[in-house]
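Student: Sending over a structure as C-alpha cells; questions will come in a sec.
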Amino acid sequence: MKNNEHTLSPLILTLDYELYGDGSGSVFDTMIEPTHEYLKVCKHHGIKTTIFFEVMEYLRMKEEWHSGNAMGYKNNPVKAIEDQLKQAYLEGHDIQLHIHPHWVNASFKNGKWYPDNRYWKLTRVPLTPDENFPISLEDLLVKGKKGIEELIQQVDPAYECTIFRAGGFSITPSEEIVKVLRKLGFVADSSVIPGAFIDNEYYRYDFSHLSRERPYWMVKTSVEKPEDGEEGLIEIPIFSQSMTRFRKYDSQRIRIALKNKRSNLDKIKDKVEGRSSVLGKIKFFLEKEHLTWDFCLFSKGKLQRYLKDARGIAAKGSYDFHPFVLIGHSKEFIHSETFEAFLRANKGRLSFLTLKEAVSRIKNELKTKKTA
C-alpha cells in the first residue's frame with residue numbers, strides 16, 4: 001500500500017557519539033551524560049535508536065589511558081564509554097561505525113588533544129601507508145570494525161558491525177571506500193545528504209544531483225551513483241531540506257551553540273573559509289544549504305515542519321517502505337524537553353526503527369519486488 005499523510009512515518013534516529021571535532025570536550029560532559037539522558041527519553045517513549053560510535057577517538061583514548069596518561073580525568077573515560085555502549089546494546093539499540101580519520105595521528109599534549117586535521121576527510125586516507133599516515137584505508141576500516149565488534153561481542157558473541165557513516169559526511173568520491181566496505185562485509189551506509197554540496201579544507205562531499213525523494217538505493221561502485229537491484233551496499237540517506245543558511249540559527253540552535261562557543265565558532269569559520277571580504281561572509285549566510293533533520297538542534301516547530309515535508313514526500317512516492325533518517329550528536333543533546341515535546345505532539349503517529357531493522361526491511365522489499 002502506498003504511503004499517505006496519515007500512515008505512521010518510519011523514522012530512524014541516528015546519534016553520532018563523539019567529542020568535538022577539534023578534540024575538545026570531556027567524555028562525560030559531551031558523551032556519557034547527554035547520551036544517558038537521550039537513552040532515558042528513548043526508553044520512556046519505546047524508541048530504539050542507532051548509535052554511530054566514533055571508534056578511532058575511543059581507541060586513541062584507550063591507548064593513552066593504558067599507557068598511564070589519565071588525560072585529566074578522575075574516572076576512567078574508556079570504561080564509561082564501554083559500559084554505556086554495552087548497556088545500550090542490551091536495551092535493543094543499534095551500534096554502528098563512525099570514523100574521523102584525523103584521530104589516527106592525534107597527540108595529547110599540554111592537557112589537550114591535537115587531531116591531525118590533514119586527515120579530517122576519509123578520502124584523504126591513502127590506499128597504502130605512507131610517511132604521513134601509518135595505515136591504509138582498508139586497515140583503518142578493519143580497525144574500526146574490529147574495535148566495535150570486540151566491545152559489543154562481550155555481551156553478544158553474534159554481533160557484527162555492518163553499517164557505516166563517514167565523519168563529516170566526507171565520502172565522495174567514494175569508489176575506493178565502497179570497494180573496501182563491500183570487501184569487509186558492510187551491508188549499508190548512511191553518509192549521504194541528497195542535494196548537499198561542500199568542498200573546503202575540512203569538508204568535501206557532492207550529493208547535489210541526488211533526489212530527496214528516494215529513501216534508499218543500491219550502491220555497487222559509489223554512493224553517489226544510485227543503482228537498482230539487490231547487489232551492493234544499501235545507501236539510506238539522511239533527510240534534509242534546502243533553506244537559506246541564516247534560517248537554521250533559531251533559538252534552540254543558539255542555546256546549544258552557547259554551551260561551547262569556541263567549537264561552534266570554529267565550525268562556522270571552517271565553512272566560510274575563502275570568503276575574505278565582509279560582503280563574501282554575508283553572502284555565505286544568505287546562500288542556501290541542505291540542512292539535515294536534527295533532533296538535537298531543532299526547535300519543536302522545525303521538527304514538525306520537517307515531519308510534514310517527509311510525510312508529503314512519502315505520500316507522493318511509490319515506495320511501500322519509505323524511512324527517513326534523522327541525525328543528532330551526543331554533545332548536542334542538551335535540551336531534551338524540545339525533542340520530548342515533539343514526540344508527545346505526535347504520539348501514536350510515528351514509528352521508529354534502527355538502521356539494522358531498516359536494512360532488513362529493505363532487503364525484504366527488494367526480494368518481494370524480484371519475485372512479484
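Quick note: the coordinates plus some simple rules give every number you see, no bench work behind them. As the structure is a prediction and not an experimental result, all values here were calculated from the model. Positions of Cβ are generated from backbone atoms using ideal geometry, with glycine treated the same way; all protein chains shown enter the neighbour counts.
Student: Please list, ordered by chain and number, the residues whose modelled amide H lies under 5 Å from the amide H of residue 96; skip anything fewer than 5 residues away on the same chain.
Tutor: Counting only residues 5 or more places away or on other chains, the set is 51, 52, 53.
Student: Right, another one. Which ³J(HN,Hα) values in Hz, rounded to whole numbers, follow from the phi angles of the stretch 39-47 under the Karplus curve 6.51 cos²θ - 1.76 cosθ + 1.60, where θ = phi - 60° and Gly and Pro get x?
Tutor: 5, 5, 4, 4, 5, 4, 9, x, 9
Student: For the pair residue 360 and residue 29, what calculated FRET efficiency results from E = 1/(1 + (r/R0)^6), where r is the Cβ-Cβ distance and R0 = 25 Å, to the nearest 0.05?
Tutor: Efficiency computed from Cβ-Cβ geometry: 0.10.
Student: Under a point-charge model restricted to the Cβ atoms of Lys and Arg (+1) and Asp and Glu (-1), what is the dipole moment magnitude of the chain relative to its Cα centre, in debye to the nearest 20?
Tutor: 1340 debye
Student: Estimate the FRET efficiency between residue 349 and residue 90 by the formula 1/(1 + (r/R0)^6), using the beta-carbon distance for r and 35 Å for R0, to the nearest 0.05.
Tutor: According to the calculation, E is roughly 0.75.
Student: Please arrange 235, 224 by how many other C-beta atoms lie within 10 Å of their C-beta, fewest to most.
Tutor: The fewest-first ordering by Cβ neighbours comes to 224, 235.
Student: What percentages make up the Cα-Cα pair-distance distribution of the stretch 305-372 when the bins are 10 Å wide from 0?
Tutor: So the P(r) values, bin by bin, are 15, 40, 32, 11, 2.
Student: Give, rounded to the nearest 20 debye, the magnitude of the charge dipole that the stretch 1-82 has about its Cα centre when Lys and Arg contribute +1 at Cβ and Asp and Glu contribute -1 at Cβ.
Tutor: Charge dipole of the stretch 1-82: 400 debye, to the nearest 20.
Student: Rounding to the nearest 20 debye, state how big the charge dipole of the stretch 1-143 is about its Cα centre with +1 on each Lys and Arg Cβ and -1 on each Asp and Glu Cβ.
Tutor: Using only the charged Cβ atoms, the result is roughly 160 debye.
Student: Relative contact order, percent, of the chain when contacts are C-alpha pairs under 8 Å separated by at least 6 residues?
Tutor: About 25 percent, as a whole number.
Student: List the extent of the Cα atoms of the stretch 1-97 along each of their three principal axes, largest first, rounded to whole Å.
Tutor: Reported extents, whole Å, longest axis first: 59, 25, 19.
Student: Looking at the chain only, what percent of DSSP beta bridges run antiparallel? Nearest 5 please.
Tutor: That works out to approximately 35 percent antiparallel.
Student: Whole number please: convex hull volume per residue, Cα atoms of the chain, in Å³.
Tutor: In the chain, the Cα convex hull volume per residue is 142 Å³.
Student: Would you mind classifying the stretch 102-209 by shape? Square roots of the alpha carbon gyration tensor eigenvalues, ordered a ≥ b ≥ c; an a/c under 1.5 is rounded, otherwise it is prolate if a/b is larger than b/c and oblate if not.
Tutor: Oblate, since a/c reaches 1.5 and b/c is not below a/b.
Student: How much length is gained on full extension from residue 153 to residue 228, taking 0.36 nm per residue of separation minus their Cα-Cα distance?
Tutor: Result: 23.7 nm gained on full extension.
Student: Same structure, new question: Calculated from DSSP H runs of 4 or more alone, at -39500 (n - 2.57) each and per residue, what is the 222 nm mean residue ellipticity of the chain, nearest 500?
Tutor: Result for the chain: -11500 deg cm²/dmol, rounded to the nearest 500.
Student: Beyond 19 Å between alpha-carbons counts as too far, so tell me which of 74/112; 43/145; 179/225; 43/86; 40/331; 143/331 fall in that bin.
Tutor: As for pairs spanning more than 19 Å Cα to Cα, those are 43/145; 143/331.
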